[in-house]
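Input: a single structure, listed below in structure tokens.
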Amino acid sequence: MQKDDQKYSAYIKILNEELIPAMGCTEPIALSLAAAKARETLGALPERVSVGASGSVIKNVKSVVVPHTNHLRGIPAAAAAGIIAGNPARELEVIADVSDEQCAAIAQFLETTPISVSHIDNGITFDIIVTVHAGASYATVRIAHYHTNIVLIEKDGKRTVDIPVSEEGDEGLTDRSLLDIESIYDFAQTVALADVRDLIARQISYNTAIAAEGLCGAYGSSIGKLLLASGRTDVHTRAKAKAAAGSDARMNGCELPVVINSGSGNQGITCSVPVIEYAAEYHKSEEELYRALVLSNLVAIHQKTGIGRLSAYCGAVSAGTGAGAGIAYLLGAGIEDIAHTISNSLAIASGMICDGAKASCAAKIAESVDAGILGYTMSTHKKNFLPGDGIVGRTVEATIANVGRLAQDGMHQTNEEIIKIMVEQ
């Protein structure tokens, strides 16, 4: 693929839009961002706060620890952290710098300030509206469709940002329909490393660091540690364990940043850490690793285009499939085997649901990475699933489209039931 090709420049832009740093689970952090921007707009410490969130946002905020809050969880904690200590200019690192005094102030704010939370349904999956009040003055900030997309800033009836919000979409982002597996493979082989070096180097640095922390600390259910405690130390087990360990840490309050993919830190970890582990095992060069990670990331993003950023379909499956494809590329697979790896992996694991961000995500990541690697192993032995085997299509693009249909249409009611179950509990 040539630099002057439309797809080349689009793929670079897509990577720059998606591989961004975030601290903490991205849904509560997006909520902190909205709250921080609302407080900044108000110009005073709020006396009361109201938060409206779509069901899928509520699902992903309910159970995870908000970083720098002394292990507080949930929507009020995320809003309070943004209001007291947030720097909206830092977007998904909005609460990366919180002092001990601010941490104490967050707890005090939660005790003394009314914060109401409501489930809103404006016909879009990702929707956050935060309104803060002080005396007769108010400020409202809305984020829609994706985590940093501020579409409304209003103070006392005056709107300084007012972007119309349509149905599901990624307004303002590069056209994802330009992605396809054959072109992604071509791009990974030909991209000038200078165009992606900083992005990929940061992903390697951040995501390996949080994986290592997950194996050292006591986070959540310690899935990564448990996998290694079995006594198995082969690269397959290590790849699963380290990816799971990154999620162990991230879901349970670790204050290290990650480089995300498709709006998710767990997905960013999943499509990178296993590939990095395989590269170390097989003594691959920096260039080989970087190209494999370009492919893994773009394969994951391509799948999520049809699935959507939030759904009842577990995003770890897409990322694990991306990891399987990246590992296949790293070990010398061509386009045919990479395509089979993707279809095989999706045939194995596409029934996994997303029931919110929480400790069990680490176990789902381990299973998804396992499916990605098994999909590649199947392709090397010419034991691929056939078109018509369940959701497997005649081409890899057809299989990916089938999964998007499954997630967006078939699992819509599933998502509603998951949200009802979680709210009832």
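The values are calculated or read from the model by the stated rules, or taken from the named source; none is laboratory data. Because the structure is predicted, anything quoted here is derived from the model rather than measured. We place every Cβ from the backbone using ideal geometry, glycine too, and count neighbours over all the protein chains shown. All accessible areas refer to the heavy atoms of the entire protein, side chains included, with ligands and DNA or RNA removed. Shrake-Rupley method; radii C 1.70, N 1.55, O 1.52, S 1.80 Å.
Check Gly169 against each of (1) at pLDDT 95 or above; (2) surrounded by fewer than 18 Cβ atoms within 10 Å (Cβ to Cβ); (3) under 28 Å from Ile421 (Cα atoms) and name the one condition it does not meet.
(1)
Quick one: count up the residues across segment 290-333 that are under 17 Å from the mean Cα position of the chain (by Cα) and of a type in the set (Phe, Trp, Tyr).
Qualifying residue count, segment 290-333: 1.
Please count how many residues of segment 198-247 are of a type in the set (S, T, N, Q), in a helix (DSSP H, G or I) and surrounded by fewer than 16 Cβ atoms within 10 Å (Cβ to Cβ). I'd like the intermediate steps shown before the answer.
As a first pass, look at segment 198-247 and keep what is of a type in the set (S, T, N, Q): 203, 205, 207-208, 221-222, 230, 233, 237, 247.
Cutting the leftovers down to in a helix (DSSP H, G or I) gives us 203, 205, 207-208, 237, 247.
Cutting the leftovers down to surrounded by fewer than 16 Cβ atoms within 10 Å (Cβ to Cβ) gives us 205.
Going through segment 198-247 one residue at a time, the tally reaches 1.
If you take the residues in segment 241-281 that are farther than 23 Å from Ala22 by Cβ and not acidic (Asp, Glu), which one is farthest from the chain's Cα centre (by Cα)? Even if it seems obvious, please write down each step before you answer.
As a first pass, look at segment 241-281 and keep what is farther than 23 Å from Ala22 by Cβ: 278-281.
Cutting the leftovers down to not acidic (Asp, Glu) gives us 278-280.
Working: Tyr278: 22, Ala279: 23, Ala280: 25 Å.
Among them, the one singled out is Ala280.
Against the definition (β-branched (Val, Ile, Thr) and more than 22 Å from Gly52 (Cβ to Cβ)), how does Thr174 come out, yes or no?
Working: β-branched (Val, Ile, Thr): yes; more than 22 Å from Gly52 (Cβ to Cβ): yes.
Here the answer is yes, as Thr174 does meet what is asked.
What number goes with the only condition from (1) of a type outside the set (A, V, I, L, M, F, W, C); (2) surrounded by 16 or more Cβ atoms within 10 Å (Cβ to Cβ); (3) farther than 30 Å from Ile418 by Cβ that Asp97 does not pass?
(2)
Give me the pairs, please: first residue somewhere in segment 307-325 and closer than 20 Å to Ile418 by Cα, second residue anywhere and aromatic (Phe, Trp, Tyr) and open to solvent by less than 10 Å² (accessible area, probe 1.4 Å), beta-carbon distance under 7 Å, and either six or more positions apart or on two chains.
As it stands, the answer is Ile307/Tyr313; Arg309/Phe126; Leu310/Phe126, since those pairs meet every condition given.
Taking into account only those residues within segment 54-113 that are under 19 Å from the mean Cα position of the chain (by Cα) and free of Cβ contacts under 8 Å to residues at least 60 places away in the same chain, which is farthest from Gly356 (Cα to Cα)? Step through it out loud before you land on a result.
Pass one, segment 54-113, residues under 19 Å from the mean Cα position of the chain (by Cα): 54-67, 73-75, 78, 90-96.
Then drop every residue that is not free of Cβ contacts under 8 Å to residues at least 60 places away in the same chain, which leaves 73-75, 78, 90.
Values: Arg73: 13, Gly74: 12, Ile75: 13, Ala78: 16, Arg90: 25 Å.
Filtering first and then ranking leaves Arg90.
Which of the residues belonging to segment 121-150 are within 19 Å of Ala77 (Cβ to Cβ) and among the hydrophobic types (A, V, I, L, M, F, W, C)?
Correct list: Ile128, Ile129, Val130, Val132, Val141, Ile143.
Can you run down the residue pairs with Cβ atoms below 9 Å, 6 or more apart or on separate chains, where the first is in segment 190-206 and more than 19 Å from Met23 (Cβ to Cβ) and basic (Lys, Arg) and the partner is open to solvent by 20 Å² or more (accessible area, probe 1.4 Å) and assigned to a loop (DSSP other than H, G, I, E, B)?
none
Do we find a residue being closer than 25 Å to Val275 by Cα, small (Gly, Ala, Ser), part of a helix (DSSP H, G or I) and touching a helix residue (DSSP H, G or I) at 6+ places or on another chain (Cβ under 9 Å) anywhere in segment 174-181? Break it down into steps so the answer makes sense when it comes.
Keep residues of segment 174-181 that are closer than 25 Å to Val275 by Cα, which gives 176, 178-181.
Next, only the ones that are small (Gly, Ala, Ser) stay: none.
Taking every residue of segment 174-181 in turn, none turns out to be closer than 25 Å to Val275 by Cα, small (Gly, Ala, Ser), part of a helix (DSSP H, G or I) and touching a helix residue (DSSP H, G or I) at 6+ places or on another chain (Cβ under 9 Å).
Among what's in segment 248-299 and is part of a loop (DSSP other than H, G, I, E, B) and polar (S, T, N, Q), pick the residue that is surrounded by the most Cβ atoms within 10 Å (Cβ to Cβ).
Per the stated criteria, the residue is Ser272.
Please verify whether segment 112-129 includes one or more residues that are assigned to a helix (DSSP H, G or I) and either touching a helix residue (DSSP H, G or I) at 6+ places or on another chain (Cβ under 7 Å) or open to solvent by 50 Å² or more (accessible area, probe 1.4 Å) (or both). Lay out the reasoning, then the answer.
First, pick out the residues of segment 112-129 that are assigned to a helix (DSSP H, G or I): 112.
If we keep only those that are either touching a helix residue (DSSP H, G or I) at 6+ places or on another chain (Cβ under 7 Å) or open to solvent by 50 Å² or more (accessible area, probe 1.4 Å) (or both) too, we end up with 112.
Yes: one or more hits.
Pro76 versus (1) of a type outside the set (Lys, Arg); (2) open to solvent by 30 Å² or more (accessible area, probe 1.4 Å); (3) touching a strand residue (DSSP E or B) at 6+ places or on another chain (Cβ under 7 Å); (4) in a loop (DSSP other than H, G, I, E, B): which is the lone unmet condition?
Among (1) of a type outside the set (Lys, Arg); (2) open to solvent by 30 Å² or more (accessible area, probe 1.4 Å); (3) touching a strand residue (DSSP E or B) at 6+ places or on another chain (Cβ under 7 Å); (4) in a loop (DSSP other than H, G, I, E, B), Pro76 violates only (4).
Residues of segment 45-73 being part of a loop (DSSP other than H, G, I, E, B) and not small (Gly, Ala, Ser), which ones? Steps first, answer last, please.
Filtering segment 45-73 down to residues part of a loop (DSSP other than H, G, I, E, B) leaves 45-47, 54, 62-64, 66-72.
Across segment 45-73, the qualifying residues are Leu45, Pro46, Glu47, Lys62, Val64, Val66, Pro67, His68, Thr69, Asn70, His71, Leu72.
Hey, can you tell me all the residues within segment 134-159 that are crowded, with 19+ Cβ neighbours inside 10 Å, at pLDDT 95 or above and touching a Ser or Thr at 6+ places or on another chain (Cβ under 8 Å)?
Matches in segment 134-159: Tyr138, Ala139, Thr140, Val141, Ile153.
Can you run down the residue pairs with Cβ atoms below 8 Å, 6 or more apart or on separate chains, where the first is in segment 264-278 and free of Cβ contacts under 8 Å to residues at least 60 places away in the same chain and within 15 Å of Leu15 (Cβ to Cβ) and the partner is crowded, with 24+ Cβ neighbours inside 10 Å and charged (D, E, K, R)?
Pairs that qualify, where the first residue is free of Cβ contacts under 8 Å to residues at least 60 places away in the same chain and within 15 Å of Leu15 (Cβ to Cβ) and the partner is crowded, with 24+ Cβ neighbours inside 10 Å and charged (D, E, K, R), are Gln267/Lys304.
Filter segment 34-73 down to the residues that are of a type in the set (Ser, Thr, Tyr) and crowded, with 24+ Cβ neighbours inside 10 Å, then identify the one that is farthest from Gly135 (Cα to Cα).
From segment 34-73, those of a type in the set (Ser, Thr, Tyr) are 41, 50, 54, 56, 63, 69; that's our starting set.
Adding the requirement that they be crowded, with 24+ Cβ neighbours inside 10 Å leaves 56, 69.
Numbers: Ser56: 32, Thr69: 27 Å.
The residue in question is Ser56.
Select from segment 134-170 the residues that are part of a loop (DSSP other than H, G, I, E, B), of a type outside the set (Ser, Thr, Tyr) and more than 18 Å from the chain's Cα centre (by Cα) and list them in ascending order.
Gly135, Ala136, Asp156, Gly157, Ile163, Pro164, Val165, Glu167
Considering every residue within segment 112-127, establish whether at least one is aromatic (Phe, Trp, Tyr) and either at pLDDT 95 or above or touching a Cys at 6+ places or on another chain (Cβ under 6 Å) (or both). Lay out the reasoning, then the answer.
Filtering segment 112-127 for residues aromatic (Phe, Trp, Tyr) gives 126.
Filter once more, keeping what is either at pLDDT 95 or above or touching a Cys at 6+ places or on another chain (Cβ under 6 Å) (or both): none.
No - not one qualifying residue is present in segment 112-127.
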